[in-house]
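**Q** Mind having a look at this structure? Questions to follow.
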Amino acid sequence: YPDIPLKDFASITLKTDLESLNLNWREADLPERERTKHVHRLHPYLGKYIPQLVEVFLRKFSPKSVCDPFSGSGTTLVEANVLGMSAVGSDISRFNCLIARVKTDRYDVELLGKELKDIVGKTNLMMDGGLFSNGNGFHTENEYLRRWFAPQALRELLCYKSLVGHYRYQDIMKVILCRSARSARLTTHFDLDFPK
């Protein structure tokens, strides 16, 4: 495509001719830091499409509300919210619904910060033997978990998980737990395609 790919998304209106738009972005045209704007990088999701594509169509057709029956990680829902449109979505995966809900909820940021500091503090205390508990008490006989995590990492994950239900913003804490577990695995990212 000889034309420069679209970068001025705010210029899209109901009168914009979609045929005239070059939506053929390369990495140099739309780098990852721009493609993952807002909360789109909260958690990896393989079926995700770039939010700018959604933004183009939402601006072009300007619906009052959006229904996404296969919402995945919530890209369409987030972009609709950013543009002030009401949006509803569903997905067969409970985890996808969790991610989308976390990305689109409203938060008391001060309370969220306090809760996150509190759960991390309690986890650290419990792992150090304080707060009426010994971190060594967090064990599982689940062979799958024991194979994927080092003993210390697994104890920390189980400890944190045991506390999540005591907080208002437990959905965010569940996503943090998933990201932590993803980072703490006993395998490299490139080995995940063919785990032994």
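**Q** Towards the positive end of the charge dipole of the chain, with charges on Cβ (+1 Lys, Arg; -1 Asp, Glu), say which of LEU23, GLN170, LEU158 has the farthest Cα.
**A** Projecting each Cα onto the dipole axis, the largest value belongs to LEU158.
**Q** Using protein chains only and a probe of 1.4 angstrom, how many square angstrom of ARG101 are accessible, to the nearest 10?
**A** Only protein atoms counted, so the area is about 100 Å².
**Q** Quick check for you: with a 1.4 Å probe and neighbouring chains kept, what is the accessible area per residue of segment 1-110, in Å²? Provide the component values of the computation, followed by the final result.
**A** Details: 7030 Å² over 110 residues.
Using a 1.4 Å probe on heavy atoms only, each residue of segment 1-110 averages 64 Å².
**Q** Here's another thing I want to ask about it. Whenever you get a sec, compute what percent of the accessible area on the chain sits on carbon and sulfur atoms (1.4 Å probe).
**A** Working: 7130 of 12740 Å².
C and S fraction of accessible area: 56 percent.
**Q** Given the options ALA10, ILE92, GLY74, identify the residue whose Cα lies farthest towards the positive end of the charge dipole of the chain (+1 on Cβ of Lys, Arg; -1 on Cβ of Asp, Glu).
**A** The Cα lying farthest towards the positive end belongs to ILE92.
**Q** Further, regarding this structure: Among the lysines in segment 1-154, how many pairs, 8 or more places apart or on different chains, have alpha carbons under 21 Å apart?
**A** Counting lysine pairs in segment 1-154 gives 15.
**Q** Top to bottom by accessible area (1.4 Å), largest first, where do MET173, MET127 land?
**A** Values: MET173 0, MET127 35 Å².
Listed by decreasing accessible area, they come as MET127, MET173.
**Q** Continuing with this model, one more query. Can you tell me the dipole magnitude for the chain around its Cα centre, using point charges on the Cβ only (Lys, Arg +1; Asp, Glu -1), in Debye to the nearest 20?
**A** On the way: 28 positive and 24 negative charges, 84 e Å.
Roughly 400 debye for the chain.
**Q** May I pose another question? Given that just one value was derived from the coordinates, which of [x] 14; [y] 23; [z] 32 is percent of Cα pairs over 32 Å apart?
**A** Looking at percent of Cα pairs over 32 Å apart for this model, the match is [z].
**Q** Below 8 Å, C-alpha to C-alpha, sequence gap of six or more: please give me the relative contact order for the chain in percent.
**A** Details: 200 pairs, mean separation 26.9, N = 196.
That works out to 14 percent.
**Q** Per DSSP H run of at least 4 residues, take -39500 (n - 2.57); add these up for the chain, divide by its residues and hand me the 222 nm value, nearest 500 deg cm²/dmol. The partial results should precede the final answer.
**A** Numbers: 8 runs with 88 residues, N = 196.
About -13500 deg cm²/dmol.
**Q** For segment 31-46 and segment 70-96, what is the separation of their Cα centres, given in Å?
**A** 14
**Q** Okay, moving on. Roughly how many debye, to the nearest 20, is the charge dipole of segment 1-104 about its Cα centre, given +1 on each Lys and Arg Cβ, -1 on each Asp and Glu Cβ, and no other charges? Write out the running numbers ahead of the final one.
**A** On the way: 14 positive and 12 negative charges, 87 e Å.
Charge dipole, segment 1-104, about its Cα centre: 420 debye, nearest 20.
The values are calculated or read from the model by the stated rules, or taken from the named source; none is laboratory data. Just so you know, these numbers come straight off a predicted model, no measurement behind them. As a convention, Cβ positions derive from the backbone with ideal geometry for all residues, glycine included, and neighbour counts pool all protein chains shown. Keep in mind that these areas ignore ligands, DNA and RNA; they rest on the heavy atoms of the full protein, side chains included. Shrake-Rupley method; radii C 1.70, N 1.55, O 1.52, S 1.80 Å.
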